[in-house]
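So the structure is just underneath, and the comments pick up after that.
The values are calculated or read from the model by the stated rules, or taken from the named source; none is laboratory data. This is a predicted model, so every value here is computed, not measured. Cβ atoms come from the backbone with ideal geometry, glycine included; neighbour counts cover every protein chain shown. These accessible areas exclude ligands, DNA and RNA; they are computed on the full protein's heavy atoms, side chains included. Shrake-Rupley method; radii C 1.70, N 1.55, O 1.52, S 1.80 Å.
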Amino acid sequence: STDTQTAVRYDRDADGIVTLTLDDPTASANTMNELYIASMADAVERLYAEQDDITGVVIASAKKTFFAGGNLKGMVTATKDDAPDVFAMAENVKKALRRLELFPKPVVAAINGAALGGGYEITLAAQHRILVNDPKIKVGLPEATLGLLPGGGGVTRAVRKWGLQTALMDVLLQGTQFGPEAALKKGVVDELVATQDELVPAAKAWLKANPEAALNPWDAPGYKMPGGTPKSPALAGFLPAFPALLRKQLKGADYPAPRAILAAAVEGAQVDFDTASRIESRYLTNLIINQGSKNMIQAFFFDLQAINSGSLRPQGVAPYKAAKVGVLGAGMMGAGIAYVCARAGMEVVLKDVAIENAEKGKAYSQGINEKAISRGKLTEEKSQELLDRIKPTADPADLAGCDLVIEAVFEDPALKAKVFAEILPHVNPDALLCSNTSTLPITGLAEGIEDASKRPNFIGLHFFSPVDKMPLVEIISGQETSDEALAKAYDVVLQIRKTPIVVNDSRGFYTSRVIGFMVNEGMAMLAEGVAPYSIERATTSAGYPAPVLQLSDELNLELMAKIAKATREANERDGNLDTEHPGIAVVEKMLEAGRAGRLRGAGFYDYVDGKRGSIWAGLADLFPVAEEQPPIEDIRDRMLFAEALETAKTFEEGVITSAAAANIGSIMGIGFPPNTGGAAQFMTGYENKATGEIGLNAFLARADELAEKYGDRFRATPWLRELAASGKGFPA
Ligand code: NAD
């Protein structure tokens, strides 16, 4: 019955050591649900009742992860009216932990698996933390990355443990997830053991060796906060600059968590533990009811988790693991693709027209490895193993036995058809055939394969540059692509430790199509006389990683003109009467002026020896700055709305079919501001700051406002209006 159910098992051994085992019987992972809260409270009361017979306490876990953390499902549904309940619940979670911390016998945390957020906060109440030394296990307080703060005592204890400066910079604000070695170095854990079997014995050994260690430093007499309190001279000089530093680091973008964390830490450092803890709960409550935090939780927790566990993968196809991959073209992309495949343990055949090109492509992996070795992140031996898996060649016959092919030759359909024809006689008959094209429709490329029976195996695998760093891969399903090929491609992307999104074939797919609208909007504003510096600053303060004109220089204006031309021709062919975006005229003017971007050493910015200088002085002659300037919110919103409205069209056309794919694809692929939760969440989680109205209708009202001021391209389509009226959102 539920009365006897517990999420915290209690066992006392012959030595008087109690092991509290976190093991929620109702779920596969431990979370801070009501059962946990009640169970932990009961367990702690029992410790106090039996304290004379107890010598120490081990906190252990029976699940794969030590403890998964807070109950995020509950958090995203909490409204402003729920604030008192949220606060009460946070206080409740902490009460038992505080009682455990003050228990007059030592407590040790035996961490067998990931302890992030709420999980790590439990261990902070102990006097000693032991972790299994498995690099896959991460510990730390990543709340900031979800728009939250560690409100289970994490801020209060971290500040007391490390001092304000270290706690903020190294543990709290970045939300760093530490592997075992880094955790030990930082004092995030105190001891490592090699295997799971050694964990609980090591915990008990520590208790036996430290029977007096019952108090955490901050509860012991004579405690002084490391680095001083905010009133001490050392910190008093530094703290006032901190908010400005933080702003600079975030490029002025509005993130909900960092300011709250900073405030909770600094205010909490000036008062006693229990007051600090209440201050922390209050800031946490404010974040939980904040829409910005909910948007981030949606993308960085729910969407990411769904995608990584296969939500966009066709069901019923057996799991696939590629063994040997042929990479065609050893240029910038091919070299990077070869590296990530070899890193994931695949045999790689890297083919180019000449062996010298292929070898140069392989040297790219060597370069990455040498850097990693010099930083102590890779051993010579592992590096050599990785390099030994890459075979450079110019001979198609070397692709014998490949079960996967990824093509990355020049962007030319005839050439792509030719290289596939060359290798098809050699690779496995059922090999998955992928193209890394960034602009050519997949269905058309598939038709270039002469043997029609192979076309269902053909699929787009769109990587981003630089391949070794960018986390996203856009999978493009062509008209003839089979479910089996799609499922295999999905597994391959996860195998190389990247995040897949799945889209249907269309011009520009999802990511390239949508980013084009943001870039065009930036340029259109220039033509209207908006000051270039304002445009640049508005982009980064919206949360985009790079200013839009700078980005345009990187993307190259010649390429944009080429894409605009192809779009124009396609529109004429299809009788599509869309008016051309005003940004395209700016591209053409810049090209006439010989300013195509970084590659040509001249664009919106000047470049000296490949290094970006200041904004080109001649820009003001081409596009004079108007006397009257628009509000910065409008500049920001024009870019955000341009991308969001185009995202809505990709849903309408069936190019993208999942909000998670749009959110993750826009954030990880094309730098849509992370603080929005992604391009779909930006619409459905849109908050009108003036009225407090939240949702698609509020988004449409603002879009109409922009349309009045800046043109009909900001008018939503009837399809999106109907979706809003129906009260539904995009498919998950
Ligand atoms: P690149 O010019 O750096 O490399 C192309 C390579 O293909 C060259 O090394 C060339 O020698 C080789 N090649 C040409 N003919 C060949 C043949 N018959 N057999 C084997 N190799 C041959 O180009 P890139 O930037 O790596 O782009 C490659 C593909 O990836 C293109 O389709 C491009 O659109 C796409 N892409 C590029 C980016 C990017 O940011 N550059 C991003 C996504 C996708």
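The range 153-189 and the range 301-316 have Cα centres spaced 31 Å apart.
Once the Cβ-Cβ distance between S726 and D53 is put in as r, and R0 is 56 Å, what FRET efficiency do you end up with, to the nearest 0.05?
Once rounded, the FRET efficiency stands at 0.35.
For the residues H426, H128, a 1.4 Å probe over the protein chains yields an accessible-area ranking, largest first, of H426, H128. Sorting 60-70, 618-628 by average packing, meaning the other beta carbons within 10 Å per residue, from highest down gives 60-70, 618-628.
Each label was represented as a point 7 Å from its Cα along the Cα-to-Cβ direction; for R573 and V625 these points are 4.3 nm apart. Solvent exposure of F178, expressed as accessible area, is near 20 Å², computed with a probe of 1.4 Å over the protein chains only. Note on V353/A182: beta-carbon distance plugged into 1/(1 + (r/R0)^6) with R0 of 56 Å gives a FRET efficiency of 0.80.
Just the number, please: carbon plus sulfur as a percent of the accessible area of the range 86-157, 1.4 Å probe, no ligands or DNA/RNA counted.
Summing carbon and sulfur atoms, their accessible area is 64 percent of the total for the range 86-157.
Here's the list of lysines a cross-link from K321 could span, going by alpha-carbon distance under 17 Å and ignoring same-chain residues fewer than 8 apart: K488, K498. Relative contact order of the chain, taken over Cα pairs closer than 8 Å and 6 or more residues apart, is 9 percent. With protein chains left intact and a 1.4 Å probe, residues in the chain average 43 Å² of accessible area per residue. FRET efficiency for the A421 to E380 pair, using the beta carbon distance and R₀ = 56 Å, is estimated at 0.90.
Checked against a 31 Å cut-off, the cross-linked pairs K64/K248; K136/K371; K565/K709 give Cα-Cα distances beyond that limit for K64/K248. Solvent-accessible area assigned to carbon and sulfur over the range 228-271 amounts to 64 percent, based on a 1.4 Å probe. Counting only residues at least eight positions apart within a chain, or on another chain, the aspartates and glutamates with an alpha carbon under 14 Å from that of K95 are E34, D42, E45, E121, D274, E280. Accessible surface of the range 527-644, 1.4 Å probe: 53 percent of it comes from carbon and sulfur atoms.
Of interest is the spacing of the C-alpha centroids, which for the range 249-289 and the range 448-517 amounts to 42 Å.
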